[in-house]
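Every read-out reported here was derived from the displayed coordinates using simple, explicitly stated rules and does not represent laboratory data. Worth saying up front: this structure is predicted, and the values here are computed from it rather than measured. Neighbour counts are summed over all protein chains in view; Cβ atoms, including those assigned to glycine, are modelled from backbone coordinates with ideal geometry.
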Amino acid sequence: MTTTENHTPMGFGRMHRKEDARFIRGHGQYVDDVNLPGMLHGAVLRSPHAHARIVSVDTSAAEAHPKVKAVITGQTLEGLNLAWMPTLSHDVQAVLATDKVRFQGQEVAFVVADDHYAARDALELIDVEYEPLPPVVDARRALEPDAPVIRTDIDGKRDNHIFDWEAGDAARTDEVFARADVVSAQDMLYPRVHPAPMETCGAVAHLDPITGKLTVWTTTQAPHAHRTLYALVAGLPEHKIRVISPDIGGGFGNKVGIYPGYVCAVVGSIVTGKPVKWVEDRSENLMSTSFARDYHMHGEIAATSDGKILGVRVKVLADHGAFNGTAQPTKFPAGFFSVFTGSYDIEAAHCAVTGVYTNKAPGGVAYACSFRITEAVYLVERLVDVLAYDLGMDPAELRMRNLLRPEQFPYVSKTGWEYDSGDYPRALSQAMDIAGYAELREEQKRRAATGDGPLMGIGISFFTEAVGAGPRKHMDILGLGMADGAELRVHPTGKAVLRLSCQSQGQGHETTFAQIVAEELGISPDDIEVVHGDTDQTPFGLGTYGSRSTPVSGGATAVVARRVRERAKIVASAMLEVSPDDLEWEKGRWFVQGDPDSGKTIQEIALAAHSDLELPDGVEGHLDATCVYNPPNLTYPFGAYICVVDVDPETGQVKVRRFVAVDDCGVRINPMIVEGQVHGGLAEGIGMALMQVMAFDEDGNHLGGSFMDYLIPTAVECPSWELGETVTPSPHHPIGAKGIGESATVGSPAAVVNAVLDALKPYGVRHADMPLTPAAVWRASQNSPLRT
Ligand code: CDP
């Protein structure tokens, strides 16, 4: 294991996180730490039914509660034209239900009281009469002609269909399949899971009655986008809204959207004239805020008999819940799912995705994943293993045979993605070396021969991600382009402040973004303050999700630092009385070419830039710069993962014995932080592969509303990770970096599942759906002749 010296590198390198000083001392400031004078507390009444008509809502008893200051219902909001709000996918969602409830846990009323307990107590005094309706829980059932219609609020809506979307070339793919020696097909489900961040969602809203300014402290990954949406929806002037996203206890996509609770806190403050806090509890978070995945996939892979993959064909039924609130760029209703061709050199591909409404919570967020890439990677990596099973080939050999080769980059995929750079065989070879792949296969054979002890399985996955949304010409969210702003100010004494539009939820931005400036300017990261998460203090940008911070805001930071450096050059030339053309840069100073002793440090230059030094005409002085960075392309990190499991055939218990992860995210700003991101993502992958699903019964009751039922992986389930790395810089990113935040979550579930199924191969098991709980593993092997 690599240790990290507690020293500060002048640029890229391992360094302890600056923000940890406050986090490990318990001094982080989260939304729930915001306490304002006279602040009131809100609580949400939620529907017990998955589908029911609201007959009446009687709030009189709650209003009579001595500590209650206001009770807000859908009817109240209708009066303000706020009962419905737009979703991130051009649908609408009820803030508080008016006509019907459409999922269990849906928001029905909001109580504002003197304290949190009174608000909760008063919820029980609200009398809602429901007329239960038959729920639609299964995505396939949703499309049947006689299925109950969920979205009766949409004029003329007679079914539960949301969209059809396709990518690739259907005819060419059919043609490739027709001449293939082998076609392997598999149905598979990527179950509904939840990001489950440590900190649940919440907001404190305060409409100042004197200035008319609305300040919202809120758990958001995208403060600027939230401000614009509040302005558009509530009709408030945007400059009179300040969104503050303080320290955030994990986002993972859960904190991208706007939830009814946020809007109710704002309305509560408007109605009472006081600040109002709303913070949901764990069950509310799990049951009503955004889920992820829920993709029912049918995949087919075509190949020659000697294992050359020719094409991939996919049909997906996407369960979007009661409102289409899925978070992704406008033109991509299935997110970036069309990267399902993965890391392979194939001739043709096609996918068709259909979205449907069901009586479940809305959302469809990219849980630690760039817009449905996890689903895509899982699909193709399972298909490759299924093909290996059918061909009787080693899955590593099959992958090596088909991986894109380094000389094919930049590579345009069969569904139109331009992969920027990569050396895939090198990454897979490294993973196989670290794992000792040949020896592992030998061990597996030995153990199978003796029949002793648990079954051993070895699983591989190779993934390519597309992160850094995104180029304005290709994508937007609700019409907002995805460029990011950055502002850099160097004070007279050479200390700097960097203001960013992205927002950290624990990824260490205060450290790594300071390191980018340090690398470019030679100012120590300790002397650079990173400001983010406050719309009044930072430039506009679309926030942090989909591992976009480094690809987009990181690019903005490098460019803005280079602008300061160019400004510094002019000041230095005035100080040294030479032409700027005669100056040369080394980290931290400009010096005269051929005379290295004649130079000025960035700190000396900063002071001079603020002095009475005479500068050339048109040069204004100071060392400040701004930038709006519009990335030319996404970045394409990739990796090779190998998982080794032991499976007890009697109990179905899976133990992850080893996990090797070789990641390539281009240039690493802070390798320690990168490794931390990978560790967390791998643990999440084990959680999804082995234990997590948001389950519902046939009445639409949510069966995973607590951590007793929805399991979070811990150190007990995780092995000591074995990491490797390759570095293939992104050719278009200013510092050659690609995103890393989500790579491990994207790549690891398939490796774990492939490993478990590899162990079950002697039982003739070709596929089983996640989560591979002991019961699922045991069930999967029950039909095997080995059982009789
Ligand atoms: O958008 P998000 O911060 O979630 O993801 P990211 O851009 O992949 O970055 C996660 C963390 O890893 C940040 O602190 C990055 O600056 C850091 N990182 C790095 O040090 N080197 C890279 N090549 C990529 C990310």
Loop sites in the range 296-361: trypsin sites (Lys or Arg not before Pro), DSSP, at most 11 other Cβ within 10 Å
LYS331
Value at 222 nm in deg cm²/dmol, rounded to 500, when DSSP H runs of n ≥ 4 in the chain each add -39,500 (n - 2.57):
-8000 deg cm²/dmol
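With charges only on Cβ, +1 for K and R and -1 for D and E, what is the dipole size of the chain about its Cα centre, in debye, rounded to 20? Kindly include the intermediate steps, with their values, before the conclusion.
Details: 68 positive and 102 negative charges, 118 e Å.
In debye, rounded to 20, the chain gives about 560.
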Between the range 392-432 and the range 673-717, how far is it from one alpha carbon centroid to the other, in angstrom?
30
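Note down the relative contact order for the chain as a percent, whole number, built from C-alpha pairs under 8 angstrom at least six residues apart. Before the final figure, lay out each step's value.
On the way: 2029 pairs, mean separation 122.5, N = 788.
Computed over the chain, the figure is 16 percent.
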Give me the net charge of VAL654's neighbourhood, meaning all other residues with Cβ under 11 Å from the Cβ of VAL654; Lys, Arg count +1, Asp, Glu -1.
-1
If each part is reduced to its alpha-carbon centroid, the range 97-144 and the range 321-375 end up apart, in Å, by 28
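Ratio of the chain's C-alpha Rg to 2.2 N^0.38 Å, to two decimals? Before the final figure, lay out the partial values.
Working: Rg = 27.5 Å, N = 788, 2.2 N^0.38 = 27.7 Å.
Rounded to two decimals, the normalised Rg is 0.99.
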Could you work out how far the C-alpha centroid of the range 209-286 sits from that of the range 153-189, in angstrom?
39
Under 15 Å, Cβ to Cβ, from ALA292 - net charge with Lys/Arg +1 and Asp/Glu -1:
0
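Extension gain SER598-THR304, at 0.36 nm per residue separation less the Cα-Cα distance, in nm? The partial results should precede the final answer.
Values: separation 294, 0.36 × 294 = 105.84 nm, distance 6.71 nm.
Once the chain is fully extended between SER598 and THR304, it gains 99.1 nm.
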Rounded to the nearest whole number, the per residue volume of the convex hull around the C-alpha atoms of the range 483-629 in Å³ is 106
